[in-house]
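> First the structure, then my questions, so here it is.
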Amino acid sequence: MAGGRLALAPAALVLEPAGIFGSLRRSWLLTRRNFWRSFGILALTAILVSIVSSVISVPVVLIFSFVTALGSGAEPNPGAAMALVALNIAITTFFSAIGYAFQAAVTSLLYVDLRMRREGFDLTLMKEQELVGSNADLVPGRGSGTSAGPRGGATPPGTGPAPYGGPPDRGYNG
């Protein structure tokens, strides 16, 4: 169960100016009332990536076995077998990398979604976009905590969401 609660720690570590333990705490707080939803999304993603990689790698293994069986006449050819093994490893590695990148993207989107639902992060992003225009930091929502003027790219103190589970700043009275 703790793995599901801490699954967002890498995203928090990358997207927020917090240390390792701060990102673990942040992940735990974000998934506090959304554990089953988060766990379901991450488990479904892992299952889908596993199925897709299996669907791709099984035909490659079957072709490898078929070619190896046909090529094993009186004299086996170790060079051809090594080439087929290398091809199998390359194809499997390529599609595994795509699967891992997809899982990382889903984890990041889940992190941003939970921040939007819990803290009104979408309103913070819209407000920051209106104030800044084009952000030189390239990571929306990450302010340095100091005021850098109207077009400086930093979030003035006290205008962003509470950093770790406090009451959000919604940007409106209501």
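> Restrict the check to segment 36-46 and report whether at least one residue is open to solvent by less than 60 Å² (accessible area, probe 1.4 Å), farther than 16 Å from Asp113 by Cα and more than 16 Å from the chain's Cα centre (by Cα).
no
> Which count do you get for residues in segment 16-27 that are under 18 Å from Arg117 (Cα atoms) and among the hydrophobic types (A, V, I, L, M, F, W, C)?
Total meeting the criteria: 0.
> Looking at the structure I just gave you, is Leu70 at pLDDT 80 or above, assigned to a helix (DSSP H, G or I), at negative phi and open to solvent by 50 Å² or more (accessible area, probe 1.4 Å)?
Here the answer is no, as Leu70 does not meet what is asked.
> Quick one: would you say Val60 is closer than 23 Å to Gln103 by Cβ, modelled with pLDDT under 80 and open to solvent by less than 50 Å² (accessible area, probe 1.4 Å)?
yes
> Across segment 16-27, what is the number of residues that are open to solvent by less than 80 Å² (accessible area, probe 1.4 Å) and modelled with pLDDT of 85 or more?
6
> If I filter segment 96-106 for residues that are farther than 23 Å from Ile41 by Cβ and open to solvent by less than 40 Å² (accessible area, probe 1.4 Å), do I get at least one hit?
No, the conditions are met nowhere in segment 96-106.
> Taking the options Thr107, Thr93, Thr155, Thr159, name whichever one is at pLDDT 60 or above, hydroxyl-bearing (Ser, Thr, Tyr) and over 20 Å from Ala11 (Cα atoms).
Thr93 is the lone residue from the list that is at pLDDT 60 or above, hydroxyl-bearing (Ser, Thr, Tyr) and over 20 Å from Ala11 (Cα atoms).
> Being among the aliphatic types (A, V, I, L, M), open to solvent by less than 60 Å² (accessible area, probe 1.4 Å), closer than 15 Å to Arg115 by Cα and touching a helix residue (DSSP H, G or I) at 6+ places or on another chain (Cβ under 9 Å) narrows it down to one residue among Leu30, Leu13; which is it?
Going through Leu30, Leu13 in turn, the sole match is Leu30.
The values are calculated or read from the model by the stated rules, or taken from the named source; none is laboratory data. These numbers come from a predicted model, not from an experiment. Note that each Cβ is placed from the backbone with ideal geometry, even for glycine, and that neighbours are counted across all protein chains shown. Note: areas computed on protein heavy atoms with side chains; ligands, DNA, RNA excluded. Shrake-Rupley method; radii C 1.70, N 1.55, O 1.52, S 1.80 Å.
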